[in-house]
1. Please find, within region 65-76, the residue that is modelled with the lowest pLDDT out of those that are exposed (fewer than 14 other Cβ atoms within 10 Å of the Cβ) and within 25 Å of residue 9 (Cβ to Cβ).
2. Testing residue 62 on (1) hydrophobic (A, V, I, L, M, F, W, C); (2) modelled with pLDDT under 90; (3) surrounded by fewer than 14 Cβ atoms within 10 Å (Cβ to Cβ), one condition comes back false. Which one is that?
3. Inside region 1-42, can you point out the residues that are of a type in the set (Gly, Ala, Ser), in contact with a strand residue (DSSP E or B) (Cβ under 9 Å, 6 or more places away or on another chain) and either in a loop (DSSP other than H, G, I, E, B) or open to solvent by 60 Å² or more (accessible area, probe 1.4 Å) (or both)?
4. Cβ-Cβ distance below 9 Å, separation of 6 or more or different chains: which pairs start in region 1-27 with a residue that is over 16 Å from residue 47 (Cα atoms) and of a type outside the set (Ser, Thr, Tyr) and end on one that is part of a loop (DSSP other than H, G, I, E, B) and at pLDDT below 70?
5. Please verify whether region 43-53 includes one or more residues that are modelled with pLDDT under 90 and open to solvent by less than 70 Å² (accessible area, probe 1.4 Å).
Amino acid sequence: MILYTTVPNEWIFPVNQEQFNNLIQINYQGIPVMAQKTSDNKLIITKVLSTNPNDYLHDSIIPGTCITLSHPQINP
């Protein structure tokens, strides 16, 4: 089966349901990213979802970057 979509594989074929429930898609600094919620009110960026190649050059959205949920640059 071939799916032509921009939706991450984890949304279609979740490996672990608990991990899947912790993933959210947000706009951080105007760039769409996938982030994982942690227990201490923080998010860890797991994937950049932008179609703009220049967005991948920003140091602030590298996968693994930890941000707080109350950050003013976050739009759900």
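1. Per the criteria, the residue is 76.
2. All conditions are met except number (2).
3. Listed by number, the list holds a single entry, 30.
4. none
5. There is no residue in region 43-53 that is modelled with pLDDT under 90 and open to solvent by less than 70 Å² (accessible area, probe 1.4 Å).
The values are calculated or read from the model by the stated rules, or taken from the named source; none is laboratory data. This structure is a prediction, so every number in the text was calculated from the model and none was measured. Virtual Cβ from ideal backbone geometry, glycine too; neighbours counted across all protein chains shown. Surface areas here come from the heavy atoms of the whole protein model, side chains and all, with no ligands, DNA or RNA. Shrake-Rupley method; radii C 1.70, N 1.55, O 1.52, S 1.80 Å.
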